[in-house]
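Participant: Would you mind keeping the following structure in view while I ask a few things?
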Amino acid sequence: QGVEFDYLVGAQIEGFDLMVQLSNAPIIIIEGDEYLTSPLDRRPKFFHYKHDIALLSGIAWDHFNVFPDFEEYKDQFKQLINLTPADGELIYCIADPLVNEAVESSSILGKKTPYAAHPAKIELGKTYLETLGGPVPVQIFGEHNLQNLHGAKKVCESLGISELQFYQSIPLFKGAAKRMELVKEKEDRAMYRDFAHAPSKLKATASAVKNQFPDRKLVAVQELHTYSSLNQDFLPNYAHTMDTADEAIIYLNPHAVALKKLKLMDEETLRNGFKRQDLRLFTDSQELKSYLLSLDYKNTNLLLMSSGNYDNMDLEGIKAKFD
């Protein structure tokens, strides 16, 4: 809509060469991060941003190596909320019970603006926003994305962007790279990639793809890559996160596990943690690739989830199955 703004965002988005810009623009949009500022400054980075508007979309326990205590982890977000100035605004997702708890326990003087998933309908695998002006097609889908979209709409409205302007622009948004990214598709199948680094993200992504295409089989592959996900003590947080997949596969890179000085989990441990007894484990990327190449993808979607790269696994042959 032609509004000048600066930005600092972690994910790559189409239309931007770099995901950081610092100029004299009157607005800066920063992707918040609760991870440590630096080895010397153990505070979350988002404490330093001095926000006027905060969008709190969810509280999902990650960074187990930094915040091993869940109560301490939640407290970081409560502190962020309390940094909202009296003339500022806190926009928060009421669908997340932890967010609700944190907001309700706060006593900020700034405006509190709740939101949930934007009303939408799915027709033949496509999502349409339900608006007073009629259906608006969008390229993203899933409950989590529709929540984020509605939160973004609230931010835009707070910045002076009208509802009409928002609905004019949002159909062009393709999502961020590796965030429910469509890699390849044809009539009866599609291949997606997603960052999915935390249990809540994994569950939301797998559910979104299954709900978008309920008549297709879903093969979901999750690489456990972060310190938290590779830690057996954290594993119970993954219970039932892959229930919506018709076939659930886990990939572990033994070298990555060794670098983090953790124990390599076996298939039975993972099955008990995920509460899924047909879960399949691979610890060799070439064996995983061979298995994925052997599958018949007729009326099937393939979802690859990881904050890593499956030990540099070449995806070209797998992509060809979706030509």
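The values are calculated or read from the model by the stated rules, or taken from the named source; none is laboratory data. Only a predicted model underlies this, so the values are computations on that prediction, with no experimental measurement involved. Here the Cβ positions follow ideal geometry from the backbone for every residue, glycine too, while neighbour counts run over all protein chains shown.
Participant: I'm trying to understand the selection: among the residues of segment 258-280, which are surrounded by fewer than 19 Cβ atoms within 10 Å (Cβ to Cβ) and either under 28 Å from Arg189 (Cα atoms) or within 24 Å of the chain's Cα centre (by Cα) (or both)?
Facilitator: Lys260, Arg271, Lys275, Gln277, Asp278, Arg280, listed by residue number.
Participant: Tell me which residues, restricted to segment 77-91, are free of Cβ contacts under 8 Å to residues at least 40 places away in the same chain, crowded, with 17+ Cβ neighbours inside 10 Å and outside any loop (DSSP other than H, G, I, E, B).
Facilitator: Hits for segment 77-91 are Ile81, Leu90.
Participant: Still on this structure, I have one more. Is it true that some residue in segment 10-25 is touching a Phe, Trp or Tyr at 6+ places or on another chain (Cβ under 6 Å) and closer than 22 Å to Phe195 by Cα?
Facilitator: No, there is no match, as no residue in segment 10-25 is touching a Phe, Trp or Tyr at 6+ places or on another chain (Cβ under 6 Å) and closer than 22 Å to Phe195 by Cα.
Participant: Report, by residue number, each residue of segment 50-61 that is in a loop (DSSP other than H, G, I, E, B) and either in contact (Cβ under 8 Å) with a residue 60 or more places away in the chain or buried (at least 16 other Cβ atoms within 10 Å of the Cβ) (or both).
Facilitator: If the condition is that a residue be in a loop (DSSP other than H, G, I, E, B) and either in contact (Cβ under 8 Å) with a residue 60 or more places away in the chain or buried (at least 16 other Cβ atoms within 10 Å of the Cβ) (or both), then His51, Ser57, Gly58, Ile59, Ala60, Trp61 are the ones that fit.
Participant: Now, a different point. Restricting attention to segment 62-75, which residues are in a loop (DSSP other than H, G, I, E, B), surrounded by fewer than 17 Cβ atoms within 10 Å (Cβ to Cβ) and not polar (S, T, N, Q)?
Facilitator: Correct list: Val66, Pro68, Asp69.
Participant: Further question on the same structure: Return the total of residues in segment 216-238 being surrounded by fewer than 20 Cβ atoms within 10 Å (Cβ to Cβ) and free of Cβ contacts under 8 Å to residues at least 60 places away in the same chain.
Facilitator: Count: 3.
Participant: Moving on. Within segment 154-168, can one find any residue that is under 14 Å from Glu14 (Cα atoms) and surrounded by 15 or more Cβ atoms within 10 Å (Cβ to Cβ)?
Facilitator: no
Participant: Being among the acidic types (Asp, Glu) and in contact with a Pro (Cβ under 9 Å, 6 or more places away or on another chain), is that true of even one residue in segment 223-241?
Facilitator: yes
Participant: So which pairs qualify, if the first residue must be in segment 23-46 and modelled with pLDDT under 95 and part of a strand (DSSP E or B), the second must be among the charged types (D, E, K, R) and exposed (fewer than 14 other Cβ atoms within 10 Å of the Cβ), the Cβ gap must be under 6 Å, and the two must be at least 6 apart or on different chains?
Facilitator: Leu36/Arg42
Participant: Ok, one more. Give His144, His118 a once-over and let me know the one that is touching a Lys or Arg at 6+ places or on another chain (Cβ under 8 Å) and closer than 27 Å to Phe70 by Cα.
Facilitator: His144
Participant: Any residue in segment 104-116 that is in contact (Cβ under 8 Å) with a residue 40 or more places away in the chain sitting within a Cβ distance under 8 Å of a residue that is surrounded by 16 or more Cβ atoms within 10 Å (Cβ to Cβ) and polar (S, T, N, Q)? List the pairs, counting only those 6 or more apart or interchain.
Facilitator: Thr113/Ser158
Participant: Please work out which one of (1) within 19 Å of the chain's Cα centre (by Cα); (2) surrounded by 19 or more Cβ atoms within 10 Å (Cβ to Cβ); (3) within 21 Å of Asn145 (Cβ to Cβ); (4) charged (D, E, K, R) is the condition Asp243 fails and give its number.
Facilitator: All conditions are met except number (2).
Participant: Let me ask something else. Among the residues of segment 1-22 satisfying the criterion of being β-branched (Val, Ile, Thr) and in a loop (DSSP other than H, G, I, E, B), which is farthest from Cys156 (Cα to Cα)?
Facilitator: For segment 1-22, the residue satisfying everything is Val9.
Participant: Looking at (1) more than 17 Å from Leu230 (Cα to Cα); (2) under 23 Å from the mean Cα position of the chain (by Cα); (3) surrounded by 14 or more Cβ atoms within 10 Å (Cβ to Cβ), find the lone condition where Asn312 falls short.
Facilitator: The one condition Asn312 does not meet is (3).
Participant: Being surrounded by fewer than 17 Cβ atoms within 10 Å (Cβ to Cβ) and not in a loop (DSSP other than H, G, I, E, B) is the filter; apply it to segment 92-109 and report the residue that is nearest to the chain's Cα centre (by Cα).
Facilitator: Ranking the candidates gives Pro97 first.
Participant: While we're on this one: Can you name the helices (runs of 4 or more DSSP H) wholly within segment 160-240 that have at least 3 residues being closer than 26 Å to Glu316 by Cα and hydrophobic (A, V, I, L, M, F, W, C)?
Facilitator: 199-212
Participant: In the list Thr283, Thr244, Thr269, which residue meets the criterion of being hydroxyl-bearing (Ser, Thr, Tyr) and in contact with a Leu (Cβ under 6 Å, 6 or more places away or on another chain)?
Facilitator: Thr283
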